[in-house]
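What follows is one structure encoded as structure tokens, with my remarks underneath.
The values are calculated or read from the model by the stated rules, or taken from the named source; none is laboratory data. Fair warning: this is a prediction, and the values are worked out from it, not measured in the lab. Note that we place each Cβ from the backbone using ideal geometry, even for glycine, and neighbour counts take in every protein chain shown. Heads up: the accessible areas ignore ligands, DNA and RNA and are worked out on the full protein's heavy atoms, side chains in. Shrake-Rupley method; radii C 1.70, N 1.55, O 1.52, S 1.80 Å.
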Amino acid sequence: MRAAAALSERTFLVIEPDGVRRGLVGEIIERFEQKGFKLVAMKLIQASEDLLKEHYIDLKDWPFYDGLVQYMHSGPIVAMVWEGLNVIKTGRVMLGETNPIDSKPGAIRGDLCIQVGRNIIHGSDSVD
Ligand code: DAT
Ligand code: MG
């Protein structure tokens with residue numbers, strides 16, 4: 001039961017405006033494809049401020065909340081659903097730490113960015 005659930009586990013990933021602007025969409029998708037995960041949905045969208053405020057509601061008391069919403073609203077983003085065994089946890093490892101300064105080379109944030117407020121990709125951290 002648990003194994004079956006994990007096999008079909010899905011995660012929500014978003015390539016942020018900086019990742020799109022910097023031309024890193026292909027690089028990021030390639031890493032997940034090469035790892036063995038399956039892309040099951042993908043859409044290039046311009047997210048509304050209301051949608052972003054709701055998406056980041058857990059962070060509303062942090063001083064960077066308004067800036068985060070503005071940044072995510074500043075250009076198109078690539079919203080994706082990826083599927084596979086333990087994709088939530090493994091995906092977070094592939095992303096690296098929230099702050100690129102703590103991300104080791106090899107991770108997406110470790111290899112491709114330097115600033116926490118421009119960390120190019122967002123990923124779910126749980127089934128919820
Ligand atoms: P993660 O993106 O690793 O899940 P999070 O959910 O805690 O991390 O934060 C969401 C985003 O908020 C993160 O990708 C960038 C921004 N953020 C987090 N901490 C920040 C900080 N100290 N300064 C500026 N932006 C921050
Ligand atoms: Mg998060």
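The relative contact order of the chain, computed from alpha carbon pairs under 8 Å that lie at least 6 residues apart in sequence, is 37 percent. Our note on the geometry: Cα centres of region 51-128 and region 13-40, 12 Å apart.
Among the trypsin sites (Lys or Arg not before Pro) within region 56-128, those in coil by DSSP and having at most 15 neighbouring Cβ atoms inside 10 Å are Lys60.
If you wrap the tightest convex hull around every Cα atom of region 56-95 and split its volume per residue, you get 104 Å³.
Model label sites at Lys104 and Tyr56, defined 7 Å from Cα along the beta-carbon direction, differ in position by 2.9 nm. Here the translational diffusion coefficient of region 1-95 follows from Stokes-Einstein with Rh set to the Kirkwood radius across Cα pairs; for 37 °C and 0.692 mPa s it amounts to 227 µm²/s. Here the calculated FRET efficiency for Ile45 and Leu85, from their Cβ-Cβ distance with R0 = 25 Å, stands at 0.35, rounded to the nearest 0.05. Extension gain, Gln70 to Asp111, is 12.3 nm, computed as 0.36 nm per intervening residue step minus the present C-alpha separation.
Based on protein heavy atoms only, the chain ends up with 61 Å² per residue of surface accessible to a 1.4 Å probe. In order along region 27-32, phi translates into HN-Hα couplings of 4, 5, 4, 4, 4, 6 Hz, rounded to whole numbers, per the Karplus curve 6.51 cos²θ - 1.76 cosθ + 1.60 with θ = phi - 60° and x for Gly and Pro. Remark: C-alpha extents of region 42-125 on the principal axes read 33, 28, 22 Å, sorted largest to smallest. So, with a 1.4 angstrom probe, what is the percent of accessible area on region 33-95 that is carbon and sulfur? The nonpolar share, carbon plus sulfur, comes to 56 percent.
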